[in-house]
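**Student:** This is the structure, below, for whatever I ask next.
Read the figures in this text as sums done on the coordinates, not as results from a lab. Keep in mind the model is a prediction, meaning the values are calculated, not measured. Using ideal geometry, Cβ is built from the backbone for each residue, glycine included, and neighbour counts are taken over all protein chains shown.
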Amino acid sequence: MSKKNDLIPAALYARVSSDRQDVDLSVAAQLRALRDYAEKNGYLSVREYVDEAESGRIADRPQFRKMLDEASKPDAPFQEILVWKFSRFTRKREHAVAFKSMLRRKGIRVVSITEHADDTPTGKLMEAIIESVDEFYSENLAQEVVRGMREAASRGFWVTTYAPYGYQKVPVQDGAKKRPKLELNPPYDAVARRIFDLALQGHSVLDIVKTLNGEGIPNSNGKRWLKTTIHAMLTNEAYTGTLVWGLNARDGQEPVRVEDAFPAIVTRQEFDRINRMLQSRAPAVAHPRRAVSPYLLSGLLKCETCGKAMTAAEAKSGKYTYYICHSLLKQGKGACDTPRLNAKSFEGLVIEQLRENVLTESNIRDLVKLLDEEMDGVAREQRQNLETIEAELAEVKRKLDRIWHFVESTDLDMADASERILEHRHRREQLEAAAEEAREALTQRRELLDSADTIAAFAEEMSEFLKTSELTETRAFVQSFVKEVLVRPGKAAIIYTIPTPEDSPIGGADASEIALNGEVMNTVRSGGPGWTRTNDLSLIRTAL
């Protein structure tokens, strides 16, 4: 028996579905199996979370959310989450990818005590590929969500998380669902109106802040007002009763605008007048440079000569880009022998290595196999569920038949049996609905396999994608597989997060070495009109 300090702290999570589908292993049985597994396999159970009558297709389960919240804390009380089956954790693939990825970043694994999970380097690599593919695949799901939100917003519903100060969200029936609309929220709406009145009188944003704070009027969080909060209110069209949604839509669509969607606090004329005053007072500001690094390898490069990080830099007012050792950047010529690297060419060289060493034939083949096995497992579970449901349904029908037979053949009063008959009828309806759902899931298996085929096919196309797309679009993929890149004069070594497949050019090693010459070394050291920039990687690829 391991000492207590040697045991792995674990959380136990159990879930059963709603009453209508409650044919799963009971919570008590799940917890009993989980506790027994923990005791025999070196775990210390420190938390238990139970969701009853909760569907695995939704993420907003009380105990599930509590478990994820505690896992996200810096001092998470557990290192692994034990479940009876992975379906107890979630039944939606996109949820599984998102939540498991979040947990892994915190160093927490999800373990099924009844299903084998491959924890080998190859298995981890497959999981990473699935997640990388899912990053692209989930865009389609996001588009569906955005489409639904756009439709709801166009009908005047407030789909944004928070209501503006002075308003409150009120649920309104919309078919089978309830959706929120905005209404005035006294007395805060009067404070909002006063803010606009002060601005109309010519008071500056700072004057308004001082007035409200001086009178002890708190903001929506019960704290002191800030200039940024007041400015955001004065420039928010919602206070004119206009619903605006999708201003920063990635798909480039025009934002949704619905006039008179809810009561106005300020007229359009007053709002426009205030914003003209604000613009006239704003100082001239030069166009800001992008804060987000445009470089693919930022944070991954390290100078092997002096041990310092290599940073991205620009020359000729941003026209040329390169990577340079931090010592050389700060101390100047002679501080380090590692040369500058042409950013675009070196990024292309690293991408080429990833394409050859990660997206191999065996990885793609194993990915297809894993997805197919997962779909088969879903179908097998649905068949087992259907058999269980149909068996209980047959038993309920037999019980009803026996009751009716007893009523007909004896002097038993119908009223005495009515309560029991109603119970059986209710259970029969529940089971028939659950059986229909299981049958529908089985008929959809072909669609699921088609989806799996689509994802696998997309994974095969990723190799071509990495060759032809803009390199900055592949940042997430690179960071999934590259731990760091060590650079020294004439050479660079790519250190992978996990070993590469055996059929890669480096035969399963966890690092690949590349020569630095040709266009990679052609940086902006001398500048001048003779310097040319190229995206053609054919020259540097010969270095491999």
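**Student:** Testing the spin-label approximation: label points 7 Å from Cα along Cα→Cβ at Val46 and Glu395. State their distance in nm.
**Tutor:** With each label placed 7 Å out from Cα toward Cβ, I get 4.0 nm.
**Student:** Could you work out how far apart the two model spin labels at Ala232 and Asp510 are, taking each label as a point 7 Å from the Cα in the direction of the beta carbon, and quote it in nm?
**Tutor:** Result: 4.4 nm between the two label points.
**Student:** Apply 1/(1 + (r/R0)^6) to the Cβ-Cβ distance of Glu356 and Ala190, taking R0 = 60 Å, and write down the FRET efficiency to the nearest 0.05.
**Tutor:** Given R0 = 60 Å and the Cβ-Cβ separation, E is 0.35.
**Student:** At a threshold of 8 angstrom on Cα-Cα distance, excluding pairs fewer than six apart, so keeping six or more, what relative contact order does segment 140-210 reach in percent?
**Tutor:** Reported as a whole number, the value is 22 percent.
**Student:** Among Trp84, Trp245, Trp404, what is the fewest-to-most ranking by other Cβ atoms within 10 Å?
**Tutor:** Result, fewest neighbours first: Trp404, Trp245, Trp84.
**Student:** Using a basic spin-label model with each label point 7 Å from the Cα along Cα→Cβ, how many nm lie between Glu436 and Met149?
**Tutor:** 3.3
**Student:** Separate question: What pairs from Lys100/Lys181; Lys344/Lys491; Lys100/Lys302; Lys178/Lys397; Lys308/Lys344; Lys106/Lys227 go past 25 Å between their alpha carbons?
**Tutor:** Lys100/Lys181; Lys100/Lys302; Lys178/Lys397; Lys106/Lys227
**Student:** Could you line up Phe406, Phe196 from fewest to most neighbouring Cβ atoms inside 10 Å?
**Tutor:** In increasing order of surrounding Cβ atoms, one gets Phe406, Phe196.
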